[in-house]
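Asker: Structure below; questions to follow.
The values are calculated or read from the model by the stated rules, or taken from the named source; none is laboratory data. Predicted, not measured: the structure shown is a model, and the values here were computed from it. Please note: Cβ atoms are built from the backbone with ideal geometry, for glycine as well, and neighbour counts cover all protein chains shown.
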Amino acid sequence: RRTGRASSHGKTILIGEHAVVHGAPALVLPVIDAEVVATVTPLEDVADAAPGSAAGHHLESTVHTGPLDLAPAAVMPTVTAVTATLRHLGVTDRPVHVRVDSQVPTARGMGSSAAVAAAVTAAVADVFGVVLDAETHHELIQECERVAHGSPSGLDARGVVADAPVWFEDGRIEPVALGARFVFVVADTGVPGHTREAVASVRERLDHDPETVRAVIDRIGALARHARGTLEGGDVQALGASMDAAHDLLTSLGVSSPDLDGLVAAARGAGALGAKLTGGGRGGCVLTLAEDDDHADRIAAALRGAGAAATWTTSIGDRV
Ligand code: MEV
């Protein structure tokens, strides 16, 4: 009997959340330090476990520890990760014990649901000696994401397994060249975001006022394209300005909140080159751009002083 193990990590959206659901391109950054590890061990076969059901499986995590078929609604994506992967492998009658250790806070726009799905699906496959190819893995994560929040663009699913910034357009991904080193600080409001509701409300606005909302979506898409150019060209100041503009556009879509705006203001007060909400919004996290590591420390301190529950510093282009 072998133990399966796999890891993934959090993500943060640089530009393009919400607009990406309606076809706009987006840029996503991995947050490697926020790791999720899944460990899977086979259990003794359970005679009465119905094939394809969650019966017989066992979960050990901070959200739920116990039989998988008694898991609360919040764990349903994890249930899907286990059952869909076993179905894919054709071994639905083999019960497993799944342990999830996650440093990605849940419901904070950091891709926790996709990161847990990525680690669990790969670890379940690993216990049966299978390495999922990238597209199969992506489809399994997306199956879990549909359970988590309805109509996921696939951006989170890409970000949580990427080891470098990714350009996402029409469901496909491309690596992004970097012309400089960029240092970001992510800060958690401590307030859970509501991606499903936020995505639904943007869709409602789009239905009611297609002209205005489509124009905002297009502008966010144009900002994503511009931001890609600033990454490639190494223009840190211009990237910051794009982030500020993205926050204003997201606010006009109704997905910011007083807590998010408070952290954005605190970061700007500490001289951040740019600051915006990141992910679904209405709670969750902000993403800010610093000049260098020392500046990132000062921004992080200011954000914690303004009430942030946690901060992460993440850099890209370290080898430039
Ligand atoms: C959530 O992290 C990002 C959204 O754009 C939703 C999605 O892309 O599925 C709000």
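Asker: If we keep just the residues of the stretch 3-25 that are within 10 Å of the ligand (Cβ to nearest atom) and part of a strand (DSSP E or B), which is surrounded by the fewest Cβ atoms within 10 Å (Cβ to Cβ)?
Answerer: It comes out as T12.
Asker: Can you name the residue in the stretch 258-295 that is more than 16 Å from the ligand (Cβ to nearest atom) and among the β-branched types (V, I, T) and, of all such residues, is nearest to G193 (Cα to Cα)?
Answerer: Result: V264.
Asker: Away from the ligand (no atom under 16 Å from the Cβ), modelled with pLDDT of 90 or more and of a type in the set (G, A, S): is that true of A84 in this structure?
Answerer: Spelling it out, A84 is indeed away from the ligand (no atom under 16 Å from the Cβ), modelled with pLDDT of 90 or more and of a type in the set (G, A, S).
Asker: On to the next question. Can you name the residue in the stretch 163-197 that is part of a loop (DSSP other than H, G, I, E, B) and charged (D, E, K, R) and, of all such residues, is farthest from G274 (Cα to Cα)?
Answerer: The qualifying residue farthest from G274 (Cα to Cα) is D170.
Asker: How many residues, within the stretch 97-109, are over 21 Å from E139 (Cα atoms) and crowded, with 16+ Cβ neighbours inside 10 Å?
Answerer: Adding up the residues that qualify gives 8.
Asker: Continuing with the same structure: So, in the stretch 252-276, how many residues would count as being touching a Lys or Arg at 6+ places or on another chain (Cβ under 8 Å), among the aliphatic types (A, V, I, L, M) and not in a helix (DSSP H, G or I)?
Answerer: 4
Asker: Which residues, taken from the stretch 133-179, are more than 16 Å from the ligand (Cβ to nearest atom) and touching a strand residue (DSSP E or B) at 6+ places or on another chain (Cβ under 9 Å)?
Answerer: Scanning the stretch 133-179 gives D163, A164, E174, P175, V176, L178.
Asker: Using beta carbons and a limit of 7 Å, which pairs, at least six apart or on different chains, have the first residue in the stretch 136-151 and basic (K, R) and the second one within 9 Å of the ligand (Cβ to nearest atom)?
Answerer: Once the first residue is basic (K, R) and sits in the stretch 136-151, its partners that are within 9 Å of the ligand (Cβ to nearest atom) give R146/P152.
Asker: Consider the stretch 277-320. How many of its residues are assigned to a strand (DSSP E or B) and either surrounded by 24 or more Cβ atoms within 10 Å (Cβ to Cβ) or of a type in the set (S, T, N, Q) (or both)?
Answerer: Within the stretch 277-320, residues that are assigned to a strand (DSSP E or B) and either surrounded by 24 or more Cβ atoms within 10 Å (Cβ to Cβ) or of a type in the set (S, T, N, Q) (or both) number 12.
Asker: Going by what's in this entry, would A117 be described as within 16 Å of the ligand (Cβ to nearest atom), closer than 17 Å to A38 by Cα and assigned to a helix (DSSP H, G or I)?
Answerer: The answer is yes for A117.
Asker: Select from the stretch 167-213 the residues that are of a type in the set (S, T, Y) and at pLDDT below 95 and list them in ascending order.
Answerer: Residue satisfying the conditions is T195 alone.
Asker: Given the criteria within 16 Å of the ligand (Cβ to nearest atom), touching a residue at least 40 places away in the same chain (Cβ under 8 Å) and not polar (S, T, N, Q), does E204 qualify?
Answerer: The answer is no for E204.
Asker: Let me confirm something: among V82, V75, V120, which residue is in contact (Cβ under 8 Å) with a residue 60 or more places away in the chain, buried (at least 17 other Cβ atoms within 10 Å of the Cβ) and β-branched (V, I, T)?
Answerer: V120
Asker: Assuming H226 fulfils every condition listed in (1) in contact (Cβ under 8 Å) with a residue 24 or more places away in the chain; (2) surrounded by 15 or more Cβ atoms within 10 Å (Cβ to Cβ) apart from one, which condition is it?
Answerer: Unmet condition: (1).
Asker: Within the stretch 175-202, which residues are in contact with a Gly (Cβ under 7 Å, 6 or more places away or on another chain) and surrounded by 24 or more Cβ atoms within 10 Å (Cβ to Cβ)?
Answerer: Listed by number, the residues that qualify are F182, T189, G193, T195, A198.
Asker: Also: Exactly one condition in (1) modelled with pLDDT of 95 or more; (2) more than 19 Å from G193 (Cα to Cα) is false for L253; which is it?
Answerer: (2)
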